[in-house]
Each structure stands twice: as C-alpha cells, then as structure tokens.
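Read through the structure below, which is laid out as structure tokens, and then see the notes.
The values are calculated or read from the model by the stated rules, or taken from the named source; none is laboratory data. Please read all numbers here as calculations on a predicted model, not as lab measurements. In this analysis, Cβ positions are derived from the backbone assuming ideal geometry, glycine residues included, and neighbour counts consider all displayed protein chains.
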C-alpha cells in the first residue's frame, strides 16, 4: 500500500479506500491477513498477472507515441555487462541529461526477453541475425584468460598449452567458453573440471580472489587489469561475437540521446594492448 501510494503521489489511506471500492465492485476480497502485512487472496493472484500485462501494454503504447526530452528509458542487458561496463559509465549520461532516468533490467539471455517491454536491449549478436534496421553496433567481443597476481606467482602461463592441468574457472551460462577460445587460438583444450559459477560476475570475483583462471571478455575486466587485480598473460582474441543494442522503432528523442551517448562509450572503450594472432 505504501509503495503504491508513493508511486501515485497519494496517501496510503487513499490507496486502501480505492482497494476497498474495487473489492465492493467485484464482490470479492483481494487482500487477507493482518493490516500491517496483507497477503493476496486467490482472486487477487488471478487478477494480478493479467492486469499487470494490460497496464504494461498501456504504458508501452503511450510511451511509444510520446515525444519529449524527459522521463524514463527502460534498458535491458546481461547482468555482468550492466554491473561492470554500463553502470560505471552511467554517471556521465546522468550529468549530461539529468532529466532522463535510465531504468535498468537484467535478463539471461538478453536476446530471449520480451523486447516490446524495453526501449533498448543490449545483447550479443552471435550469427549476424540481429535486426539491422533497429541495431546499434557496439564492439566485438574479445576473450582471454585472466588470473590474479597471487596465483600467477605460483603457476606459469606463457603459452596456451600451459593451461593444461591448471585450475580453470567456468561460467554456467557459457559453459563452452574455454573450448571456443582454445579453438580460436589453434590450441584445442581438453575438457576438464573446475569450479563453475552461475554468472560471469561471480567467476570474475573468484579469479580476483585467486581461486583459478577465468576465460573472460575484455570489456568486463578492463578496470581490473588496469588496477592490477587481474593479469592477462595470453592477451585477448576476438570470439566472433559482437555486442549490439536493439532499439525501439518509434522516434524518441530521449532514446536518440541515449543511443548517441552509448555509441560514444563503445567507441571510446579501449582495445586490449595485446592480442593473439
């Protein structure tokens, strides 16, 4: 009730009265339990997803025809990309456009989400299948092994074959990353076990903590390498994937400004100093 009151700029009491009127009109009870901790009834749980979807459609339609310079943009992308690349740069956009709020959502995989819900979806184009009419190219993905300096003092990695038998870290959402990288550098790696984590964010934190060697995209580890938290002894190799943004088709000045800013950020993202040929 309090959250609804805040969103609608009314008092919690006003919300309670509206709910009561709705219950009387429907002839069913929507909330049960104590006043301080109300729970949805079966009837309310039936209504919730349908009404939420309908209201989302209304909001989407209104936003699609509204043309202004202020307000909210809904952006979705991978969770680790959001945490390690987008969020550290967003302060620049906020400084340039304080009247535009970027509302971030994460999804795994980003390509599989309901794009109609978002103004912009940042994802990976694996097979060149992205819709070019709404696509904003960002940068190619470059992959490479990274490890903590503390681990590098105990194990030597100078060439790809040196990885054989070493403690490799894996990411469940991209279980074939090591094999893809090995094939790209002409040194197929034998399947081997090791700790696996659900998202790259956790895998990278494990690498920083010295738990093993992680195969990671360059754009996710730029700051860690520059700060000396991670080393990349074998450089980075293009994986064949590329990051792109898919925008709404409708003209929208807020979205145009965010896309222009995003292109600049992508263009200014430095390439790795060394890359395996």
*Any idea which of 19, 28 is without any contact (Cβ under 8 Å) to a residue 60 or more places away in the chain and in a helix (DSSP H, G or I)?*
19
*Confirm whether residue 206 is modelled with pLDDT of 90 or more, surrounded by 15 or more Cβ atoms within 10 Å (Cβ to Cβ) and within 21 Å of the chain's Cα centre (by Cα).*
yes
_Taking the condition of being within 14 Å of residue 36 (Cα to Cα) and not in a helix (DSSP H, G or I), how many residues in region 1-15 meet it?_
1
*What is the residue count in region 7-52 for residues that are under 24 Å from residue 117 (Cβ atoms) and surrounded by 11 or more Cβ atoms within 10 Å (Cβ to Cβ)?*
8
*Matching residues in region 88-124 - criterion: being touching a strand residue (DSSP E or B) at 6+ places or on another chain (Cβ under 8 Å), modelled with pLDDT under 80 and under 20 Å from residue 199 (Cβ atoms)*: 107, 109, 110, 111, 113
*Mind checking which residues of region 125-155 are within 19 Å of residue 75 (Cβ to Cβ), crowded, with 19+ Cβ neighbours inside 10 Å and at pLDDT 90 or above?*
138
*Answer with yes or no whether residue 182 is assigned to a helix (DSSP H, G or I) and over 24 Å from residue 269 (Cβ atoms).*
yes
*Taking the condition surrounded by fewer than 19 Cβ atoms within 10 Å (Cβ to Cβ) and not in a loop (DSSP other than H, G, I, E, B), does residue 246 pass?*
no
*Collect the residues in region 205-230 that are in contact with a strand residue (DSSP E or B) (Cβ under 6 Å, 6 or more places away or on another chain) and outside any loop (DSSP other than H, G, I, E, B), keeping them in residue-number order.*
206, 207, 213, 214, 215, 216, 217, 218, 221
*Within region 161-172, tally of residues that are in contact (Cβ under 8 Å) with a residue 12 or more places away in the chain, over 30 Å from the mean Cα position of the chain (by Cα) and not in a loop (DSSP other than H, G, I, E, B)*: 1
